[in-house]
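Structure record follows, encoded as structure tokens.
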Amino acid sequence: MPSEDKRRIDLSDENLSRRHVVAMEKGALRRLIGTASLFAIGYGDVGSSIYYALGVTTAWAMGAAPLAIAIAGIFFIFTVLTYAELSAALPESGGSQLFARRAFGDVASFIAGWALLLDYVLTAAISAYTVAPYLSYFWPALKTPVGHIGFTVLLLVALGVLNIAGIRESAGVSLTLALMDIVTQAAIIVIGSVLALNLPRLLGQIEWGVAPSWQNLIYGVTIAMVAYTGIEAVSQLSGETVDPGRKVPRAMLMTLGTVLVMYMGISVIALSVMTPQELGGQWINDPIAGIAAHMPGVGPYLAPWITVLGATILTIAANAGMIGASRLAYSMANNYQLPTFFSRLHPRLKTPYLALAAFTAISILVVLIARELKVLADLYNFGAMLAFSMAHLSLLGLRVKEPDLKRPFKLGLNLRLAGRQLPLTALLGFCATFSVWLIVVATHVHGRNLGFIWMGMGCLLYAWYRKRAQLPVMETVQIEKVSVPEYQALAVKSVLVPTMGGPMTENLQVACQFSRDHGAHVTALHVIEVPATLPLDTFLPDKLAAADAALKRAMAIGREFNLQVTTQILQARSAGQAIVDLAAEQDFDLIVVGAVHKHPPSPLPAASSLGATTEYVVRNAHCRVWICKTSGR
């Protein structure tokens with residue numbers, strides 16, 4: 001019979017609740033990064049690409065490789081300008097995934113984010129794959145297929161383990177290496193210009209329409225785009241940058257100018273000291289080492305330095321890919337676009353260990369499937385051009401949707417349509433990057449097949465997760481952040497479960513399920529109470545048999561949850577005191593005790609029906625105590 005001294009107030013709206021999620025505010029990232037560090041990270045990511053992109057571009061564009069790189073560079077200018085405006089206006093981590101969510105909602109955001117995840121995975125795979133050819137200067141065995149692939153797999157595993165452990169290179173190290181890289185590449189350009197530059201030879205290596213064919217030149221331009229795809233790394237750090245409205249665009253423009261000069265200079269010098277066949281053949285995996293080896297007069301001195309520097313920078317780029325993938329997946333999971341699996345942090349290390357393990361495995365799988373740099377580059381462009389196209393579209397969409405959004409860095413050269421200002425560079429950038437993506441789809445067989453498989457798997461995962469989480473698949477979820485300052489994450493590593501020998505097992509089931517989800521260890525304890533009239537070490541065979549049976553049941557229940565349950569038997573005068581003392585001695589974090597609720601309940605409000613043992617544990621234990629109350633009839 002329902003009580004009449006209360007009434008229910010229902011403020012719920014089923015449709016609204018599916019589109020509106022209340023989540024805990026976890027605080028913003030600390031803003032510690034300045035322009036120099038941003039430039040170092042950006043150049044370290046973008047600038048490292050020349051160590052592999054030059055060779056694979058030349059394999060297709062032949063003597064016109066500098067032209068292919070220049071055309072790709074024009075597209076890169078448009079993309080950097082788009083990222084500069086959006087990153088300054090939306091100074092949070094997320095890059096194109098964040099921009100697309102703000103402009104178009106969750107579905108577009110997921111497509112951009114999932115394509116970007118492919119890029120990060122391939123950054124790790126390609127960079128790690130290219131380390132071995134550089135180190136083969138010292139260890140020729142790394143040039144063999146087994147040595148090359150084996151070393152790449154080991155390097156990816158090592159980077160995954162180091163990132164799970166929370167080890168990352170410092171901004172100071174990144175800046176130092178970036179400066180060393182710039183100085184080295186500038187030295188190659190200057191020395192090469194003095195000792196090897198030969199413009200007639202450069203022009204003589206090109207037979208327009210033949211070597212390369214027009215089709216191969218276009219294909220080479222699409223491959224050359226690989227060299228410019230790391231600018232997303234700077235955007236991802238907007239949420240950690242001091243004064244992002246000024247410093248993020250400044251760092252991006254510094255990266256843009258430096259990269260364009262270095263890439264054009266290096267490509268010209270490369271084809272001055274090598275033929276296109278050599279650069280795109282024998283030296284396809286380590287083109288900068290090839291330049292050093294062929295540089296007249298200084299080659300023997302320059303080659304070891306290029307080997308060490310190239311391997312180091314490529315390793316850091318691979319590490320950046322791992323970090324970027326885990327960081328982006330963490331952000332997408334917090335936006336309810338990926339399962340919470342990807343945002344789960346290691347209890348002690350506080351790193352997204354499951355996401356890192358997953359992307360390490362995917363990177364290794366990609367290397368084992370592709371086995372060639374050309375295949376990896378094909379697949380890389382598929383995701384990069386799709387993400388860049390979404391970034392350009394997002395800028396245009398936000399200019400229409402939010403014309404009054406504060407934009408510390410705003411692009412000029414605008415077309416005025418229906419009262420809205422649309423940047424010409426974003427329009428051209430979208431046309432360019434989307435056209436390159438269409439060319440990749442039409443002509444890059446591996447990029448097309450593996451790219452669509454990746455996107456298809458992602459869309460299925462997204463739809464499955466949204467359905468499972470009872471969230472709309474096609475609509476945008478509005479996330480409301482609320483502050484819960486008193487919230488403290490439970491840190492439970494060891495759980496003690498007293499068994500009473502009867503049919504009651506719910507407390508053990510609860511403990512096992514909790515421990516499985518939180519990585520805790522379960523100990524089942526059975527206490528044999530010895531009357532005061534008997535010595536404490538009295539042999540009690542019947543009670544020992546009952547204790548053994550109870551603990552075997554506990555181990556069997558643990559197996560149902562894939563847990564190894566530790567068991568202990570104690571003889572004591574008081575079960576409650578024995579439980580409390582053992583919990584203190586072995587420093588348990590949680591005790592889960594059972595209690596039977598007897599019918600009818602006590603008519604006295606103050607009376608306890610939990611039992612003397614449970615009552616004692618609740619009052620005296622040093623740690624948390626959970627009571628699992630079972631209805632008894």
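Of note:
- The per residue volume of the convex hull around the alpha-carbon atoms of the stretch 407-497 is 297 Å³.
- Sorted largest first by accessible area at a 1.4 angstrom probe radius, with every protein chain in place, the residues W626, W208, W454 fall in the order W208, W626, W454.
- Accessible surface ranking that places the most exposed of Y137, Y336 first, with a 1.4 angstrom probe: Y137, Y336
- Cα-based helix-to-principal-axis angle, 50-61 vs the chain, degrees rounded to 10: 50
- Efficiency of FRET between F452 and A556 - r from beta-carbon atoms, R0 41 angstrom, step 0.05: 0.30
- Computed in the context of the full set of protein chains, the accessible area of the chain at 1.4 Å probe radius has 62% of its extent on carbon or sulfur.
- Accessible surface of I189, taken over heavy atoms with a 1.4 Å probe and every protein chain present, rounds to 30 Å².
- Counting only alpha carbon atoms, the long axis of helix 214-224 and the longest principal axis of the chain meet at about 40°.
- In nm, spacing of pseudo-spin labels at L415 and T566 (7 Å Cα→C-beta vector): 7.0
- Between T176 and R201, the FRET efficiency from the beta-carbon distance, with R0 = 56 Å, is close to 0.95.
- Computed with the Debye formula from one identical point scatterer per Cα of the stretch 478-554, without solvent, the log10 of I(q)/I(0) at q = 0.13, 0.28 Å⁻¹ comes to -0.58, -1.25.
- Separation of the A612 and I369 label points, Cα + 7 Å toward Cβ, nm: 6.6
- FRET efficiency estimate (nearest 0.05) - Cβ-Cβ, V146 to V484, R0 45 angstrom: 0.25
- Helix 445-468 axis versus longest C-alpha principal axis of the chain: approximately 30°, rounded to the nearest ten.
- Stokes-Einstein D (µm²/s) once Rh is taken as the Kirkwood radius of the chain over alpha-carbon pairs, at 20 °C in 1.002 mPa s: 76
- Rounded to whole Å, the principal axis extents of the Cα atoms in the stretch 289-383 read 58, 31, 21, largest first.
- With the simple model of a label 7 Å out from the Cα in the direction of the Cβ, L424 to V21 spans 4.2 nm.
- Cα gyration tensor shape of the stretch 397-548, rounded if a/c is under 1.5, else prolate or oblate by comparing a/b with b/c: prolate
- Within the chain, DSSP assigns beta bridges of which about 15% are antiparallel (rounded to the nearest 5).
- Solvent-accessible surface of the chain, taken per residue with a 1.4 Å probe and all protein chains present: 46 Å².
- Nearest-10 value in Å² for the accessible area of F430, using the 1.4 Å probe: 50
- Counting only heavy atoms of the protein chains and using a 1.4 Å probe, S389 has close to 0 Å² of accessible surface.
- Normalised alpha carbon radius of gyration of the stretch 43-185 [divisor 2.2 N^0.38 Å]: 1.25
- P(r) of the stretch 403-459 over all Cα-Cα pairs, binned every 10 Å from zero, in whole percent: 20, 31, 21, 27, 2
The values are calculated or read from the model by the stated rules, or taken from the named source; none is laboratory data. Bear in mind that the values here come from a model prediction, so they are computed numbers and not experimental data. For neighbour counting, all protein chains shown are included, and Cβ atoms are generated from backbone atoms with ideal geometry for every residue, glycine included. What goes into the accessible areas is simple: the full protein's heavy atoms, side chains included, and nothing from ligands, DNA or RNA. Shrake-Rupley method; radii C 1.70, N 1.55, O 1.52, S 1.80 Å.
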